[in-house]
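Notes follow the structure.
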Amino acid sequence: MMLNSGQIYCFRASWELSSPIREHTLPDWLSVGSNWQGYTIWTVPWIADVARVLGALDIEDSPDGWKSYLESLGFQNVTPVFGEDLFEDQLYSI
């Protein structure tokens, strides 16, 4: 099994249209926040890779695979974004 270890995928999702998301119930291979643009979601590859090897996470490791997975969790209007765009408000907060 070949893994793309280290790949972080970033997404935005609508908080208005998404099912009520309880962040404490989400798996550890996802990190979720929110801001005025909606949910901010990124994968945690060092946890996702292990979960995949153990069989706890059975998805295609690609933006489309992750998008489908996020939609199955109740997120709506899931859109892949660049990491710089997702974290732009934190880049200048030094």
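The values are calculated or read from the model by the stated rules, or taken from the named source; none is laboratory data. Worth saying up front: this structure is predicted, and the values here are computed from it rather than measured. Accessible surface areas use protein heavy atoms only, side chains included; no ligands, DNA or RNA. Shrake-Rupley method; radii C 1.70, N 1.55, O 1.52, S 1.80 Å.
See the values below:
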{"read-out": "Accessible area per residue in Å² at 1.4 Å probe, computed on the chain", "value": "65"}
{"read-out": "The chain - percent of accessible surface contributed by carbon and sulfur, probe 1.4 Å", "value": "53"}
{"read-out": "Rel. contact order, % - alpha carbon contacts under 8 angstrom, at least six apart, the chain", "value": "40"}
{"read-out": "Degrees separating the helix 63-72 axis from the principal Cα axis of the chain, which is the longest one", "value": "80"}
{"read-out": "On Cα atoms only, tilt of 45-54 relative to the major axis of the chain in degrees", "value": "30"}
{"read-out": "Whole-number Å³ per residue for the convex hull built on Cα positions in the chain", "value": "103"}
